[in-house]
Each structure stands twice: as C-alpha cells, then as structure tokens.
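Okay, structure first, notes after.
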Amino acid sequence: MLGLGSLDFLMRLIWQATLVLVAIGLILIASLVLRRLLEEWAAARHRPAREGLRRALLASLNRPSGDPVAAPAGLPVAEIARLVDELAQIVRGDAKARLAAFAVGAGIERYWLRRLRSATTLRRLDAVRCLGLLATDPARGALTTMLAQGDARHRLAAAEALAQDTALAAWLVERLLVDPASRGRHAARFWHRLAANAPETVVTCLARADVDAALLIRLLEALGDAGHTAAATEIEALLGRHGAAVDRTALVTLDRLNHPAVLRLARALGGAPEAESRRAALGVLERRGRARDAELVSSLALDPVVDIAANAEKLLARLRAATADGAVPA
Amino acid sequence: MIPFPPFFDLLAQTTAVLVIVVSMAQNLLYLVLLLTAVSVMLGRPRVHQSRALWNGLVDGAPPVSVIVPAYNEAETIADSLRSLLALEYPDFRVVVVNDGSTDATLDVLMREFGLEPAPLEHVSTLPHAPARGLYRSTRHANLVVLDKVNSGKADALNAGLGQVTTELFCAVDADSLIEADGLLRVVQPFVEDPERVVAVGGTVRVANGCGVRAGRVRAVALPRRMLPLLQTVEYLRAFMMARLAWGRIGCLMIVSGAFGLFRRDVVIELGGYSTKTVGEDLELVVRLHRRMCNAGRDYRIEFVPEPVCWTQVPERLGELARQRQRWQRGALETFFRHKDMLVGRKYGRVGRLGLGHILLLDVVTPLVEVLGYLLLPFFWLAGTINTPFFLAYLALTFAFGVFISVASLVLEEFERRRVPRARDLVVLTAAAIIENFGYRQLANFWRIQGHWQYWRGAAHWGRQDRRGFAAA
C-alpha cells in the first residue's frame, strides 16, 4: 500500500488545509450575501427619500439661482455622499459650486474627511477625489496634508484633486517637480487636469532646467490632450534637445495641435538616426505629406526598421497616385 | 485487500505521486494568482463612472477602428452592430468583415444598415483571401462592410486590418455585445502610457439570460440554464482572477478574441493574425511578447477588469464540447509553436511563467487529471494507496476547485458587484460548488479530445450554433 511514510503527514496537511480554505471561502461568501441582503433592505427603505433628494437637487441645480435644498432627515450621510458624488460627475461650473455648498451643509465634508482616515486604501483615495469637489479650507488643508503621504497614489490623487483650483497650480507644480512619482504613468491624470485648468503653468515648466525627459513627455501629452495651441513655440523649442522620446512626443503633440510648422519639423526628423523619431515623422507625413515629400518617403521605404519601411512604401504609393490625380499639392 | 503483482504497486505509486504533484502545482499556481488578483484589486483606484471617463478622455482619446469578423452571424449581427455603433467614444469606425457567410449575414447587414457598394481599397499589405466587395452604410458614416471569400477568423481579421487607418484597432466577435463605455475603458491604458502599451484586454461576461435591447445589455441577470450558469462561474474565475493576476505579473498571454485592443503598427509588423491556428487570439499575444522581448522593447500588455463585453456562451453540450476542443487545440498549437520561449533567456518571466503556465494548465493538467479520475479511486479501492493520500487527491481535485471558484466570486462581489441581487449570489455560489462535480470532469474530457485532435492534425473550427439575444 502507498503509505510513503513521511508523506502521510503532507497528505493530511493538504486535505485539512484545503477544507479550511473551503470553509473560509464559504463563510466569506455567506457574509457577503448577508451584507447584500442588508443593503437591499436599507436601499429599499431609503429609496423614496433618496430619489426625492435627487429630484430636488437636480431641479435646483438646473436653475441659475435655484432654491437651496435641505437634506431630508433620516437619510444616512453615506447615501447623501454617494448621491453628491454621482451628481458631481454630471454638473459643471456654478452648479458644481452649489452642489459643493449643499454637500458642506449636509455634513458630507466631515464624512469624507473621516474616510480619509479609513484603513482601506480605496476608501481613502475615494475620499481624496471627493474632497476635491469642495473648495473649502478644511478640504484643501486635508488634501495638502495628503501631498506629504508616503504612498505615491495618495500624493497624486491629492494633487489631481487640488489641481482644480487654478490659484494653486504654480505651488502644486513646485511640489510635484521634486516628486519622482510625477514622472510615472499614474501622474498622467494629474498633469492632464493641470493642463486643462492652468495650461500656462504647464507651459512654463517646459523651459525649466530641472525638468527631465520623462516629465517632459508627461507635460507634452497633457498639453496635447488639453489642445493648448499657444504652447506650440515652446514645444518646438524642445526638439533636438532632450532625446528621441521627447522629440517624438513633441512632434506628435504639435501634430495634434495642428501647428503650421509640423510638416517642416517632420521632414527634419525624417532623417533622424533614432527609429522612434523617424516613425513619428512618418506618422505626420502620412497625415499631412505632400508630393514634394516623396523623396524623403522613398528613403524611409528603405528603412531597416520593418514597420517604418512598410508604412513608408504605402505612403509613397499613395503620394504617387494622388500626384497623378493632381489631388496632393506639391 | 486484493493481491496484485509487485509492478502494480509501483504503477499505482508512480501514478498517484504524479497526479498529486501536478495537482499541487496547479493549485499552488491558482493560489498565487488569487492572492495577486486580491492585491491588484485592493490597490486599484476607484473605477471611474462612464461620465467621468468620457470627460477625462473626450479630448485625448485616439481614433479607433473596430474590426468585426462575421461568419454566419445572421442571428446576432444586427444587435451586435447596433451596440457597437452606439458606443460612447469620440472617434471610431466599424469595419465588419463578412467572411463568406453562407447564411443571410450580408443580407441582414444590407437591410438593417443601408449598405451600398464602395470602391475597394486596402491600406495594409497583410495577405488574405480575395475580397468580393466593400460596402458603406448610408445610415452610419462610420460603418463599412468588407465581403470576402471564406477563409477563417484570423484571415478575416487580417482583411479587416487592411481597412484600418487608425493607430489603434479593436477586434470584436460578431456575437458579442460591447458595454457603452467599453472602448473608453480599454483605451485608457493607451492614453495613460502610449509609449509602452501595445495591447489591452477587457473582461468578458456571459450574456445568456441578460435582457438585451437595441444592442445593449439592459438587465443583467443570470442564465436560466445550468450549462451557461456553470460557464458564468468559469468566466468570472478566468477574468476576475487569472487574467487580472497575469496582467499584474506582466505575463498576460491572451487577450480575448471577443474584445481586444491593439496597436495597429505592432500587429502589422508581426504579420497580422496567424491563419494556421484555431487559437489566433492566444497566438497573436504570445507572438507579440516574443517580438517585444526579441527587440528588447519596454512594453505592456494590460488587462482592464471592468466588464467591457458580453458574449453568448454555448447552451448545448455538443456546442460547448466543440468550443472547448477548439480552445484546447489552439492552446497546444500556440504552445508547441513557441515552446522555445520557455527556456530562452531573453524571454524572462514571459517564457518561464507565461509559457510555463500554458504548459502546466493546458498541456499537462488535463491528461494527468483524467488519469487521476480513472485510476486513483480504483487504486484506493484496491488498497494500493492509503486513505490520507486519497483524501489529499480528492481535496486537490474537488475541494480546492470549490475554494478558487468561491474566492473569485468573493473578489467580484467586493469589487465589481455586477451580480444584481443577493439571491443571484447564492445561485452563483451553488454553481461554483456544483461545477466541480461533473462539469469540471466533462470539461477535462473535452480537453483530452482536443489533445487527440491536435495530435491527429485536425484544423477545422467545428460547427457553431447561433442564437439571438433575449429581449429586455
């Protein structure tokens, strides 16, 4: 018989540990079902009050000077906070400010400030985002404190929330420039928000000596997203100074901003030694190329990088066909 | 105890140890994936609501082409296309490739979308079966239909790529429904990290039982039949646990053919989809990893856990068997085509872990598990293996499966909460338990059949039955 001596202990351990895991799983799911049942019961109980509040708030926010709305007694603050968060996604400008005023009056600010101390990261991040809706001193103070957190996600979420206030833009940039997290992909949303609200502040960063290539790429992407055409001169000035990755992003950004010189710049980059630059240049030529670019495109069709060569060949065929039709200006 | 010759004991011991070792390796892998998925979920920032996502991306979202290969999809194509054309996305174009359907697919498209012939031109040079015509919709400026000679899904996708001019393209199954904000969600990683992200996959959910109106899932509900219900648990486990975890580890080896977003230049550089496999989605992503590793490029293949796509799963055993056999063949074809990645130093963890898990879960496990079903109960009854050993085997084969399925449900309930009611959660929990007793064994049997077909060199897709979506 297969007893395998010492293995018996291991076998017992396996089936006993597995049964414990199954029991844990079933207890967890049972508790989640119970939680769901309680929530369904509470939601059904609060639904009329919640819907009434939603209607009143929407009616008030839809009018330029709507009557202030009072939160109904008995509706839990968590429910009101969820409703405010939901409405904050769909209102803009003055209506958003009035919604924030309602939130403060309904005690939601305190609720979100409390959730900043939650043990769950998701809840804290959520609270940071929600506090960004309110332009109150306590909210601002709490978010500023979050900028000093050890966890980069909290710092970036707080920065993104604060970036809604244009008065804080320059100060925020100084804080973020010395933060290594500002170069990472998770910082993209912060720079995007900043570029949308205070594009000039982002533009001034482009010329700073303490801004490295990784950060320049984030700034360029953000300016492209924001469609800030006034930044074109500063972006053009970056070309050839910070390496291929920046050149590529700068060219793509100028293309997105419809800068008049983008074709000239693409022609210059078409002969660059870095494949990344040549690929970006070809991308611009594909969209904007003219008959006179055929020579440059011909040389790119012989490129050692296979996708550049293949795309250049296609473009060349298109340029020649269009020239024959007289559709592409020389 | 029945007296057996000595070699029988040796055979029993070897088989039992092999089964236990492989089961332990498989279950340990699942445990690691589960813990990784939990850590990803705990660390993820709040999921944006559709409106916030739109506001954040409306200016920065790159144009996307959606390629829909369709073969005999007359039942579902109109609903699927309506859901695609109603996507919340600033700039997209839909390219339907009618892959020589023998049913009324093209007629339905003509009738429902007002198609009219257009000049045929290709913008990429990927080879594919001859095209018969190109049609543009008179009702939707962003819809074109390419009609071509039948040559399989991969070839249809390559033909569709010939009509794509955007930097990104999304491959979508014709029998799938896309969430309104699905494209926005999968584009987000590209927008956040355009330099490195080359492909993004999203979560696919089971549409059977859901109410569908105007090409949208309006009422999320569980399937009423047992077979799709069990597949619902499977899909939850595969997407909520496995793909999420592999995405974090950087070894996501498959972007579902039902919904995946890719960089066009990279896929064209690879030569497009392989027509020599029935698992073209898996093969493409493995080849993508290979190319990126060979070129020493810093890249990412991301996974988005939010549900982006709903698909009809088979409701009949025969149909499901054919699907699973095909998946198994696809996995084997891909594994053996790229097996050198297992040991190549430049492939690092993509080779060791990514290909390694395909070896363990798709190549070895089905064989060993079926061997266990057939022999271990017999060895135990014959008294050649003792009770603790047999209990360990049962625990690893049945109980651990229950734990993993239930844990995936817990994860889903913590994070996504797409199961509509508490009652449904109870039903799913019951399905998560039941699937380990019968369904799982059946699925392994189909996989063995897939093995057999692979070694015999079968290359067909098998008949596929189509049903329309249930009305909301």
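The values are calculated or read from the model by the stated rules, or taken from the named source; none is laboratory data. Quick caveat, the model's predicted, so the values are computed rather than measured. Here the Cβ is made from the backbone with ideal geometry for all residues, glycine too, and neighbour counts use every protein chain on show. Ligands, DNA and RNA are excluded from the accessible area calculation, which covers all protein heavy atoms including side chains. Shrake-Rupley method; radii C 1.70, N 1.55, O 1.52, S 1.80 Å.
Total buried accessible area between B and A, probe 1.4 Å, nearest 100: 5000 Å². Kirkwood analysis of the protein assembly as shown, using all unique Cα-Cα pairs, places the hydrodynamic radius at 29.1 Å.
Calculated mean residue ellipticity at 222 nm for chain B: -14500 deg cm²/dmol, from DSSP H runs with n ≥ 4 weighted as -39500 (n - 2.57), summed, divided by the residue count and rounded to 500. Cα-Cα pairs above 14 Å in the stretch B:309-353: how many percent? Distances greater than 14 Å cover 64 percent of the Cα pairs. Between the alpha-carbon centres of the stretch A:142-176 and the stretch B:207-246 there is a gap of 40 Å. Kirkwood analysis of the Cα pair distances in the stretch B:243-288 returns a hydrodynamic radius of 11.2 Å. Using only the alpha-carbon atoms, how far is helix A:275-288 inclined from the longest principal axis of chain A? Give it as 0 to 90 degrees, nearest 10. Result, in degrees: 80. Paramagnetic label reach from B:Arg417 (point 7 Å along Cα→Cβ; backbone nitrogen cut-off under 18 Å): within the stretch A:59-75, residues A:75.
Computed from backbone phi with θ = phi - 60° and the Karplus coefficients 6.51, -1.76 and 1.60, the 3J(HN,Hα) list for the stretch A:156-166 is 5, 5, 5, 4, 5, 5, 6, 5, 5, 8, 4 Hz; x is used for glycine and proline. Two tests apply to each whole DSSP H helix in chain B, Cα reach of 27 Å or more along its axis and mean Kyte-Doolittle hydropathy of at least -1.0, and the ones passing both are B:6-43.
Working value for the stretch B:341-461: equivalent-ellipsoid semi-axes of 28, 25, 17 Å, each the square root of 5 times a Cα gyration tensor eigenvalue, largest first. With 40 Å² as the minimum drop in accessible area between chain alone and full protein complex (1.4 Å probe), the qualifying residues in the stretch A:293-321 are A:Asp307, A:Lys314. Per residue, the solvent-accessible area of the stretch B:203-285 (1.4 Å probe, heavy atoms of protein chains only, all protein chains present) comes to 28 Å².
Based on alpha-carbon centroids, what's the gap between the stretch B:411-445 and the stretch B:272-320 in Å, whole number please? The stretch B:411-445 and the stretch B:272-320 have Cα centres spaced 24 Å from each other. Taking θ as phi - 60° and the Karplus parameters 6.51, -1.76 and 1.60, the scalar couplings of the stretch A:301-311 work out to 5, 9, 4, x, 7, 4, 6, 5, 4, 5, 5 Hz in sequence order, x denoting glycine and proline.
Helix A:213-226 versus the longest principal axis of chain A: what is the Cα-based angle in degrees, 0 to 90, to the nearest 10? The angle comes out near 80 degrees.
To the nearest ten degrees, helix A:121-131 and the longest principal axis of the Cα atoms of chain A are 80 degrees apart.
Note on the stretch A:53-162: Kirkwood hydrodynamic radius from all Cα pairs is 14.2 Å, rounded to one decimal.
In plain terms, the bigger the Kirkwood radius, the slower the diffusion; for the stretch A:182-265, with that radius from Cα pairs, at 20 °C and 1.002 mPa s, Stokes-Einstein puts D at 173 µm²/s. Amide H to amide H, with H built 1.01 Å from N, B:Val97 comes under 5 Å of B:Val68, B:Ala70, B:Leu146, counting only residues 5 or more places away or on other chains. Rg and Dmax, both from the Cα atoms of chain A and both in Å, are 28.4, 89. Chain B: D in µm²/s via Stokes-Einstein (Kirkwood Rh, Cα pairs, 4 °C, 1.567 mPa s)? Translational D for this selection: 56 µm²/s.
For B:Leu359 and B:Leu28, FRET efficiency with R0 = 25 Å and r from the beta-carbon atoms, rounded to 0.05? Computed FRET efficiency for B:Leu28 and B:Leu359 comes out at 0.95. If R0 is 22 Å, the Cβ-Cβ spacing of A:Thr323 and B:Ala118 corresponds to a FRET efficiency of close to 0.40.
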